[in-house]
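**Student:** Before I ask anything, let me first share the structure, which is written out below as structure tokens.
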Amino acid sequence: MTKKRGNNEGSISRRPSGAWRAQVTLNGRRLSFTADSRRECQDWLKKTIHQIDDGLTFANTKITVEEFLSEWLSSSKTSMRPRTWAHYQQVTRTYIAANLGKIKVRDLRPDHIQKFYNGMLEKGVGVYTVLKIHTVLHSALSHAVKTGLMGRNPASLTILPQEPHEEMQILDESQVCQMLVAAHGSRLETLLHLAVVTGMRQMELLGLKWTDLDQVNQTIRVERQLARPDKDGVKFASPKTKFGKRTLALGTTTTTVLRAHYENQVRERKAVGGIWNEHGLIFPNSLGGPIHPHNLLRDFKKVLRLAGLPIIRFHDLRHTAASLMLNHGVPVTVVSRRLGHSKPSVTLDIYGHLIPSMQVEAAEKMDELVLPVMLNPGRW
């Protein structure tokens with residue numbers, strides 16, 4: 001008479017073909033696993049019994065990666081920023097589900113994921129994209145571990161490609177002047193000016209509203225950033241970090257430039273009449289709506305070409321602002337606050353190599369401080 005197995009009992013047997021099979025009973029139903037070696041079956045049996053002890057149900061054993069990711073995205077929507085969630089959804093649909101979606105979650109192994117990553121790189125998918133895929137998959141599988149679907153996160157056991165080092169491209173003072181001269185009279189003139197004197201991020205600049213500007217006290221508040229435009233219309237989000245909300249002092253020249261920009265915008269609004277779409281933005285497009293980042297980059301490159309300057313990213317203007325401040329003796333603590341970093345050490349980690357060496361000045365200063373006072377010039 002065959003003995004009925006309980007939930008925490010299993011068996012391993014050899015098939016006529018020479019393969020090995022492991023079996024375990026869960027909720028009165030049998031789970032099976034076939035492999036070429038007894039060791040693989042032992043490992044599977046051990047892992048499965050452990051998962052059963054952690055609350056694994058028969059229904060959960062049938063969930064595929066694609067099904068699980070869909071449920072995970074649905075439950076995570078309220079805890080993520082809309083832009084982040086939309087990006088995770090795109091990565092999941094385009095890459096992960098298309099390649100790993102049919103595998104059952106509990107059967108997903110590190111070698112499956114490693115082969116997937118390697119295949120993406122071989123097909124020419126960029127390193128940053130593969131790293132983003134890993135971020136999404138690792139986050140999702142961490143949730144699977146918490147809910148008992150998996151005993152460990154297989155994505156943690158993969159080897160990731162090394163992140164390529166991108167050199168900062170920074171404009172010097174004369175190049176900044178060339179850029180602003182080339183932009184004079186264009187819709188980008190004030191935007192580029194403010195980018196360089198404040199070091200704001202691109203989306204912070206595009207999210208600025210006139211209510212953020214205090215002309216009397218010559219300050220401007222960073223309260224929000226523009227979320228990437230989508231079919232649902234204009235959306236704003238909080239700054240990148242909690243330290244991103246900040247108030248920046250403005251120079252008299254910058255305040256004057258902004259005042260002239262406002263007067264130009266009033267004339268522009270009158271010229272287009274009823275088709276102006278008012279959002280209160282300091283830097284809107286020609287119809288009052290938000291500027292699309294792709295259009296901004298296109299027009300920015302036109303200015304650089306007109307000025308005869310190297311083509312750089314818009315984000316490099318932030319690096320340029322940091323470089324100019326640090327090279328002209330602005331304290332790191334002040335630079336850090338203006339950039340919206342959490343602490344000065346972050347600023348130093350990113351821009352420390354830009355600070356000019358002051359070894360000679362330090363040596364001379366120390367000589368002055370410890371210079372002995374000669375009480376009797378005639379005696380040693």
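**Student:** Among the candidates Val176, Val181, which residue alone is outside any loop (DSSP other than H, G, I, E, B) and buried (at least 16 other Cβ atoms within 10 Å of the Cβ)?
**Tutor:** Numbers: Val181 fails: buried (at least 16 other Cβ atoms within 10 Å of the Cβ).
Going through Val176, Val181 in turn, the sole match is Val176.
**Student:** Oh, and also: Looking at segment 81-124, which of its residues are touching a residue at least 24 places away in the same chain (Cβ under 8 Å) and among the aliphatic types (A, V, I, L, M)?
**Tutor:** Ala86, Val91, Ile96, Ala97, Leu100, Ile103, Val105, Leu108, Ile113, Met120, Leu121
**Student:** Which of the helices (runs of 4 or more DSSP H) found entirely inside segment 277-339 contain at least 2 residues meeting this: under 21 Å from Leu250 (Cβ atoms)?
**Tutor:** On the way: elements: 293-307, 316-327, 332-339.
In segment 277-339, 316-327, 332-339 are the helices (runs of 4 or more DSSP H) which contain 2 or more residues that are under 21 Å from Leu250 (Cβ atoms).
**Student:** For segment 219-267: of the residues being within 12 Å of Pro82 (Cβ to Cβ) and among the basic types (Lys, Arg), which is modelled with the lowest pLDDT?
**Tutor:** The extreme case among them is Arg228.
**Student:** While we're here: When segment 66-108 is examined, which residues are found to be surrounded by fewer than 18 Cβ atoms within 10 Å (Cβ to Cβ), of a type in the set (Lys, Arg) and modelled with pLDDT under 90?
**Tutor:** Within segment 66-108, Lys77, Arg81, Arg83, Lys104 meet the criteria.
**Student:** A further question on this structure: Looking for whichever is more than 18 Å from Gly151 (Cβ to Cβ), modelled with pLDDT of 85 or more, touching a Lys or Arg at 6+ places or on another chain (Cβ under 7 Å) and not charged (D, E, K, R) here; the options are Ser37, Ser17, Ser13, Ser32. Which one fits? Full working, then the answer.
**Tutor:** Numbers: Ser37 fails: touching a Lys or Arg at 6+ places or on another chain (Cβ under 7 Å); Ser17 fails: touching a Lys or Arg at 6+ places or on another chain (Cβ under 7 Å); Ser32 fails: modelled with pLDDT of 85 or more.
From the options Ser37, Ser17, Ser13, Ser32, the qualifying one is Ser13.
**Student:** Can you give me the number of residues within segment 140-155 that are free of Cβ contacts under 8 Å to residues at least 40 places away in the same chain and surrounded by 12 or more Cβ atoms within 10 Å (Cβ to Cβ)?
**Tutor:** Of the residues in that region, 6 qualify.
**Student:** In segment 145-166, how many are assigned to a helix (DSSP H, G or I), modelled with pLDDT of 85 or more and either touching a helix residue (DSSP H, G or I) at 6+ places or on another chain (Cβ under 6 Å) or not small (Gly, Ala, Ser) (or both)? Outline the logic, then answer.
**Tutor:** Restricting attention to segment 145-166, the residues satisfying the condition of being assigned to a helix (DSSP H, G or I) are 145-146, 154-157.
In the following step, the residues that additionally are modelled with pLDDT of 85 or more were identified as 154-157.
Adding the requirement that they be either touching a helix residue (DSSP H, G or I) at 6+ places or on another chain (Cβ under 6 Å) or not small (Gly, Ala, Ser) (or both) leaves 154-155, 157.
Summing the residues that are assigned to a helix (DSSP H, G or I), modelled with pLDDT of 85 or more and either touching a helix residue (DSSP H, G or I) at 6+ places or on another chain (Cβ under 6 Å) or not small (Gly, Ala, Ser) (or both) in segment 145-166 gives 3.
**Student:** Can you tell me which residues in segment 302-325 are surrounded by 15 or more Cβ atoms within 10 Å (Cβ to Cβ) and under 24 Å from Asn264 (Cβ atoms)?
**Tutor:** Selection gives Val303, Leu304, Ala307, Phe314, Leu317, Ala321.
**Student:** Would you check which residues across segment 41-57 are of a type outside the set (Ser, Thr, Tyr) and either in contact with a Gly (Cβ under 8 Å, 6 or more places away or on another chain) or at pLDDT 85 or above (or both) and list them?
**Tutor:** Within segment 41-57, the subset of a type outside the set (Ser, Thr, Tyr) is 41-47, 49-56.
Of everything in segment 41-57, those that are of a type outside the set (Ser, Thr, Tyr) and either in contact with a Gly (Cβ under 8 Å, 6 or more places away or on another chain) or at pLDDT 85 or above (or both) turn out to be Cys41, Gln42, Leu45, Lys47, Ile49, His50, Gln51, Asp54, Gly55, Leu56.
**Student:** Still on this structure, I have one more. Take segment 191-203 and flag every residue that is assigned to a helix (DSSP H, G or I) and either more than 15 Å from Ser323 (Cβ to Cβ) or touching a Pro at 6+ places or on another chain (Cβ under 9 Å) (or both).
**Tutor:** Our first condition is that a residue be assigned to a helix (DSSP H, G or I); within segment 191-203, this holds for 191-198, 202-203.
Correct list: Leu191, Leu192, His193, Leu194, Gln202, Met203.
**Student:** From the list Leu137, Leu206, Leu188, pick out the single residue that is surrounded by 19 or more Cβ atoms within 10 Å (Cβ to Cβ), touching a residue at least 24 places away in the same chain (Cβ under 8 Å), farther than 28 Å from Ala321 by Cα and of a type in the set (A, V, I, L, M).
**Tutor:** Leu137
For (1) closer than 24 Å to Gln169 by Cβ; (2) without any contact (Cβ under 8 Å) to a residue 40 or more places away in the chain; (3) basic (Lys, Arg), each residue gets a yes or a no:
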position: Ile275; (1), (2), (3): no, yes, no
position: Gly280; (1), (2), (3): no, no, no
position: Asn285; (1), (2), (3): no, yes, no
position: Leu297; (1), (2), (3): yes, yes, no
position: Phe300; (1), (2), (3): yes, no, no
position: Leu306; (1), (2), (3): yes, no, no
position: Asp316; (1), (2), (3): yes, no, no
position: Ala321; (1), (2), (3): yes, no, no
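**Student:** Let me ask something else about it. State whether the residues of segment 66-80 include one that is in contact (Cβ under 8 Å) with a residue 60 or more places away in the chain, within 24 Å of Ser238 (Cα to Cα), part of a helix (DSSP H, G or I) and charged (D, E, K, R).
**Tutor:** Looking for residues that are in contact (Cβ under 8 Å) with a residue 60 or more places away in the chain, within 24 Å of Ser238 (Cα to Cα), part of a helix (DSSP H, G or I) and charged (D, E, K, R), one finds none in segment 66-80, hence no.
**Student:** Working only within segment 173-220, note down all residues that are polar (S, T, N, Q) and within 24 Å of the chain's Cα centre (by Cα).
**Tutor:** Hits for segment 173-220 are Thr198, Gln202.
The values are calculated or read from the model by the stated rules, or taken from the named source; none is laboratory data. None of these values were measured; they are calculated from a predicted model. So basically every Cβ, Gly included, is an ideal-geometry build from the backbone, and we count neighbours across all protein chains shown.
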